[in-house]
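A short reminder: the numbers here are calculations on the coordinates, not readings from a lab. Computed from a predicted model, the values in this text were never measured in an experiment. Please note: Cβ atoms are built from the backbone with ideal geometry, for glycine as well, and neighbour counts cover all protein chains shown.
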Amino acid sequence: MPMTDPLTLRLPSWLCQSFDLARVIANEHRAIGRSLGACHYDRFDMRSHERAFVKILLSRRRNLWLFRANQRKFCGDFIAVDMSSSRRARRRAVVMELKTGDRLVIGGARLQCANHRAAVAELVDRDVLDAESPVELLYGGETAVLSHLGA
């Protein structure tokens, strides 16, 4: 039975120093027992402005776990989960679609995030979130999104 592509990839805080996405993918597969064949680098690769966004967010908001969304599955660009609470149902998730220079828009359905619920469900299956956890959709430029997240 072939494995489907994962929808999320956790981005650890050490990416602030060494942006080695291939290492992140390999570590993720070992940690959750996925076959390396199921995940391809190009599904989670980032442009330079996205890498800068990741570095800023991870360095300024240590309570957030940041996940890269699979870029071929229309789940948004990133999902941030506030890990401040030990209770999964109280953790808040923010699905983000970055649009350089755009003003911040909260909520609304757009094609780029059409499958965000499936990505959130994957995080529920991995015990990061609860099915009742609040989820917010954000669209906008990196600066606007960082400001909204308090970074």
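For this structure, a couple of remarks:
- The residue of region 90-105 that is surrounded by the fewest Cβ atoms within 10 Å (Cβ to Cβ), among those that are within 16 Å of residue 67 (Cα to Cα) and of a type outside the set (A, V, I, L, M), is 92.
- Hits in region 106-123 - residues which are surrounded by fewer than 17 Cβ atoms within 10 Å (Cβ to Cβ) and either in contact with a Lys or Arg (Cβ under 7 Å, 6 or more places away or on another chain) or under 25 Å from residue 5 (Cα atoms) (or both): 109, 110, 111, 114, 117, 118, 121
- Within region 136-150, residues that are farther than 11 Å from residue 80 by Cβ have Cβ atoms under 7 Å from residues that are hydroxyl-bearing (Ser, Thr, Tyr) in these pairs: 141/100; 142/100, counting only partners at least 6 apart in sequence or on another chain.
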